[in-house]
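Novice: Sharing a structure, written as structure tokens. Questions coming.
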Amino acid sequence: MTDKPTKFPPRWLKAMNKVIVWLQRRGVPLPMITLTVLGRKTGTPRSTPVTPFDVAGRRYIVAGHRGLDWVQNARSAGIGVLAQGRRKERVRLVDLPEDQRGAILREFPVKVPRGVSMFLKTGTVAGRSPEAFEAAAPHCAVFRIEPLD
């Protein structure tokens, strides 16, 4: 593992995310849900698919890179809407400091095994083990989800 991920997410990911968001809004059952936050520059709602998972009774979402647009928007807005089909939930997004990310990232390959391949493809993690994910804490954003309603 290098000091930082070697590749940025693949070019096709942005287009694929748009398709996933479109399908979710039409009620197609998918393992991911949609997170919508206001854009930090435009104030326009921006949506991206995410996969929340539970650790010790709390929900989290993880990004394979710190600099992704949705991560920067979530940090700026601090709140968002999680939606699955017609079900919507307003949430606070608490950006965890690096020293707290490792324990949550250790759980990711166990709780969200289908998400592991993207972390491997981009070089964010060196392997599929919980230890490899924990070691990626400096390179990944982790948000705790807290309900607002």
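Novice: Applying the selection to segment 85-110, what residues are charged (D, E, K, R) and either assigned to a loop (DSSP other than H, G, I, E, B) or over 26 Å from D149 (Cα atoms) (or both)?
Specialist: First, the residues of segment 85-110 that are charged (D, E, K, R): 86-90, 92, 95, 98-99, 101, 106-107.
Answer for segment 85-110, where residues must be charged (D, E, K, R) and either assigned to a loop (DSSP other than H, G, I, E, B) or over 26 Å from D149 (Cα atoms) (or both): R86, E98, D99, R106, E107.
Novice: Looking at segment 78-96, can you tell me whether even one residue there is over 30 Å from R26 (Cα atoms) and surrounded by 14 or more Cβ atoms within 10 Å (Cβ to Cβ)?
Specialist: Let us first name the residues in segment 78-96 that are over 30 Å from R26 (Cα atoms), namely 96.
Those left that are additionally surrounded by 14 or more Cβ atoms within 10 Å (Cβ to Cβ): 96.
Yes.
Novice: Return the residues of segment 132-149 that are more than 13 Å from A63 (Cα to Cα) and either among the aliphatic types (A, V, I, L, M) or surrounded by 15 or more Cβ atoms within 10 Å (Cβ to Cβ) (or both); say none if nothing qualifies.
Specialist: A132, E134, A135, I145, L148
Novice: Please go through segment 97-131 and give me each residue that is crowded, with 18+ Cβ neighbours inside 10 Å and hydroxyl-bearing (S, T, Y), ordered by number.
Specialist: Correct list: T122, T124.
Novice: Working carefully through the options A132, A126, find the one that is outside any helix (DSSP H, G or I) and either modelled with pLDDT of 90 or more or of a type in the set (A, V, I, L, M) (or both).
Specialist: Values: A132 fails: outside any helix (DSSP H, G or I).
Sole residue among the options that is outside any helix (DSSP H, G or I) and either modelled with pLDDT of 90 or more or of a type in the set (A, V, I, L, M) (or both): A126.
Novice: While we're on this one: Which count do you get for residues in segment 29-55 that are in a loop (DSSP other than H, G, I, E, B) and either surrounded by 13 or more Cβ atoms within 10 Å (Cβ to Cβ) or touching a residue at least 60 places away in the same chain (Cβ under 8 Å) (or both)? Steps first, please.
Specialist: In the first step, residues of segment 29-55 are kept if they are in a loop (DSSP other than H, G, I, E, B); the result is 29-32, 39-44, 51-52.
With the extra rule that they be either surrounded by 13 or more Cβ atoms within 10 Å (Cβ to Cβ) or touching a residue at least 60 places away in the same chain (Cβ under 8 Å) (or both), the set shrinks to 30-32, 39-40, 51-52.
Summing the residues that are in a loop (DSSP other than H, G, I, E, B) and either surrounded by 13 or more Cβ atoms within 10 Å (Cβ to Cβ) or touching a residue at least 60 places away in the same chain (Cβ under 8 Å) (or both) in segment 29-55 gives 7.
Novice: Any residue in segment 56-74 that is in contact with a Phe, Trp or Tyr (Cβ under 8 Å, 6 or more places away or on another chain) and surrounded by fewer than 17 Cβ atoms within 10 Å (Cβ to Cβ)?
Specialist: Scanning segment 56-74 turns up at least one residue that is in contact with a Phe, Trp or Tyr (Cβ under 8 Å, 6 or more places away or on another chain) and surrounded by fewer than 17 Cβ atoms within 10 Å (Cβ to Cβ).
Novice: Out of curiosity, is V62 modelled with pLDDT of 90 or more and either assigned to a loop (DSSP other than H, G, I, E, B) or under 19 Å from A103 (Cα atoms) (or both)? Walk me through how you get there before you give the answer.
Specialist: Values: modelled with pLDDT of 90 or more: yes; either assigned to a loop (DSSP other than H, G, I, E, B) or under 19 Å from A103 (Cα atoms) (or both): yes.
Yes.
Novice: Within the bounds of segment 68-80, is there any residue that is in contact with a helix residue (DSSP H, G or I) (Cβ under 7 Å, 6 or more places away or on another chain) and part of a strand (DSSP E or B)?
Specialist: Yes, because at least one residue in segment 68-80 is in contact with a helix residue (DSSP H, G or I) (Cβ under 7 Å, 6 or more places away or on another chain) and part of a strand (DSSP E or B).
The values are calculated or read from the model by the stated rules, or taken from the named source; none is laboratory data. In this text the structure is predicted, and so the values were computed from the model without any measurement. Heads up, the Cβs are rebuilt from the backbone with ideal geometry, glycines too, and the neighbour counts pull from every protein chain shown.
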